[in-house]
């Protein structure tokens, strides 16, 4: 006997087909939270730059003094692609001031 959409409880059907990016969005959010938590444990300042996975990280020594220049960090989860804007920013800032971290 073939299954029908009406066989599903509440008539929801396959929600994965309707919301394919929901899992990837949550993975990205977990990766951003994990990065911010790791930076806090290391004693560094980590401020979100804009919506998405961009952070500005300022390293701190054990006395709390700023060490070096602030670094822009892009967080990527899984096999997410680097956008053209991020490539241009990495060229403009250089590899020392712009990093891409994958989780």
*Residue selected from the range 61-74 under the condition assigned to a loop (DSSP other than H, G, I, E, B) and in contact (Cβ under 8 Å) with a residue 24 or more places away in the chain, by the criterion farthest from residue 27 (Cα to Cα)*: 69
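Is it fair to say residue 35 is modelled with pLDDT of 90 or more and at negative phi?
On the way: modelled with pLDDT of 90 or more: yes; at negative phi: yes.
When the stated conditions are applied, residue 35 passes them.
Among the residues of the range 19-60, write down those that are assigned to a loop (DSSP other than H, G, I, E, B) and surrounded by 11 or more Cβ atoms within 10 Å (Cβ to Cβ).
Keep residues of the range 19-60 that are assigned to a loop (DSSP other than H, G, I, E, B), which gives 19-21, 43-44, 49-53, 59.
Residues satisfying the conditions are 43, 44, 49, 52, 53, 59.
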*Which numbered condition trips up residue 40, out of (1) closer than 21 Å to residue 94 by Cβ; (2) in contact with a strand residue (DSSP E or B) (Cβ under 7 Å, 6 or more places away or on another chain)?*
(1)
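Could you grab me the full set of residues in the range 75-103 that are assigned to a helix (DSSP H, G or I) and either under 18 Å from the mean Cα position of the chain (by Cα) or within 22 Å of residue 26 (Cα to Cα) (or both)? Before the answer, list the steps.
Filtering the range 75-103 down to residues assigned to a helix (DSSP H, G or I) leaves 84-93.
84, 85, 86, 87, 89, 90 - these are the residues of the range 75-103 that are assigned to a helix (DSSP H, G or I) and either under 18 Å from the mean Cα position of the chain (by Cα) or within 22 Å of residue 26 (Cα to Cα) (or both).
The values are calculated or read from the model by the stated rules, or taken from the named source; none is laboratory data. None of the values given here were measured: they were computed from a predicted structure. Cβ: placed from backbone, ideal geometry, glycine included. Neighbour counts: every protein chain shown.
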